[in-house]
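S.K.: Okay, here's the structure, questions in a sec.
The values are calculated or read from the model by the stated rules, or taken from the named source; none is laboratory data. Source: prediction; values computed, not measured. Virtual Cβ from ideal backbone geometry, glycine too; neighbours counted across all protein chains shown. Note: accessible area is taken over every heavy atom of the protein model, side chains too, but ligands, DNA and RNA are not part of it. Shrake-Rupley method; radii C 1.70, N 1.55, O 1.52, S 1.80 Å.
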Amino acid sequence: MTVMLLRLAGPLQSWGSTARFARRSTENAPTKSGVLGLLAAAEGRPRDADLSDLAALRFGVRIDQPGSRLRDFHTAHHADSDKAMPLSERFYLADAVFIAGVEGDRALLQRLYQALRAPRFLPYLGRRSCPPTLPIDMGPPFEDALEDALRTAKWQASRWYRRQLERAADMRTSTGSVDLDVLIDCPPGEAPHLSLRDAPVSFDPRHRQYTLRGVLTDHSAPPPPARRGVPAPHDPTSVLRPLDSPNSTTTAENSPRTS
């Protein structure tokens, strides 16, 4: 089968599968509905579009850096009446990093990959207030099993987090290895380890619908971490153009001189 991997990293993420009145929780890992919603938005699908092809994709996620849970309070006003809405309690994952994978038809995944490279709507990590800090795509789709792709992908955890784990290992009297949690769609005919109501049927805001999906849990030793390239020099004025005026000067002429 064909697999496409996504890197989900940002200061804040929130992947809710249930919402009860003014309490909006988050799961410990990205949900299938959240990731498929991200892909649908990148492709420019309207909220009432058919999702059957996306829902048929097999989904899995590896927790490279679990992050920490954060609680926030949210206020809002009704758009028409300007009436204050009830104070809501919202939960986020701070400093988390995940690798999500989808497995299915190659043509569909290739189209979704191109959409991620030039998204119609900007992607976000569960909520619009949670932008990604690293590129989401991890390369074009490739031939592999979803389980193997998630186990062998380069470890995406931050350097400070890896150093923290190394210091903790040095303090332990017995040796131990780091295990990364893997959550993956349960194949038909097998008994799932847990169930989540996060398989999307419709994102239509008038009547959102989700169904249950079975999930298998597993562990994987972290592969070698991904190499971080040296960032190129950043010049914020490089994209500026001089004004179309006889008295205008170029950016280079106005730049400060150094001796």
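S.K.: What do you reckon, is residue 79 open to solvent by 20 Å² or more (accessible area, probe 1.4 Å), outside any strand (DSSP E or B), aliphatic (A, V, I, L, M) and on the phi < 0 side of the Ramachandran plot?
M.R.: Yes.
S.K.: In addition: Name the residue that is least open to solvent (accessible area, probe 1.4 Å), counting only residues in segment 61-76 that are modelled with pLDDT of 80 or more and of a type in the set (Gly, Ala, Ser).
M.R.: My answer is 67.
S.K.: Does residue 112 satisfy the condition of being closer than 16 Å to residue 32 by Cβ, touching a residue at least 24 places away in the same chain (Cβ under 8 Å) and in a helix (DSSP H, G or I)?
M.R.: Here the answer is yes, as residue 112 does meet what is asked.
S.K.: Are any residues in segment 61-76 closer than 16 Å to residue 15 by Cβ and in a loop (DSSP other than H, G, I, E, B), and if so, which ones?
M.R.: Of everything in segment 61-76, those that are closer than 16 Å to residue 15 by Cβ and in a loop (DSSP other than H, G, I, E, B) turn out to be 66, 67.
S.K.: Considering (1) in a loop (DSSP other than H, G, I, E, B); (2) modelled with pLDDT under 95; (3) closer than 17 Å to residue 38 by Cα, say which one residue 173 fails and leave the rest.
M.R.: Condition not satisfied by residue 173: (3).
S.K.: Okay, moving on. I need every pair where a residue in segment 156-169 that is in contact (Cβ under 8 Å) with a residue 60 or more places away in the chain has its Cβ under 9 Å from the Cβ of a residue that is open to solvent by 40 Å² or more (accessible area, probe 1.4 Å) and of a type in the set (Lys, Arg), sequence separation at least 6 or different chains.
M.R.: Every condition considered, the pairs that remain are 159/228.
S.K.: I've got another one for you. Here are some conditions: (1) free of Cβ contacts under 8 Å to residues at least 12 places away in the same chain; (2) touching a helix residue (DSSP H, G or I) at 6+ places or on another chain (Cβ under 9 Å). Residue 80 meets all but one. Which one does it not meet?
M.R.: (2)
S.K.: Continuing with this model, one more query. With the requirement that a residue be in a loop (DSSP other than H, G, I, E, B) and open to solvent by 40 Å² or more (accessible area, probe 1.4 Å), what does segment 17-60 give you?
M.R.: The answer is 18, 21, 27, 28, 45, 46, 47, 48, 50, 56.
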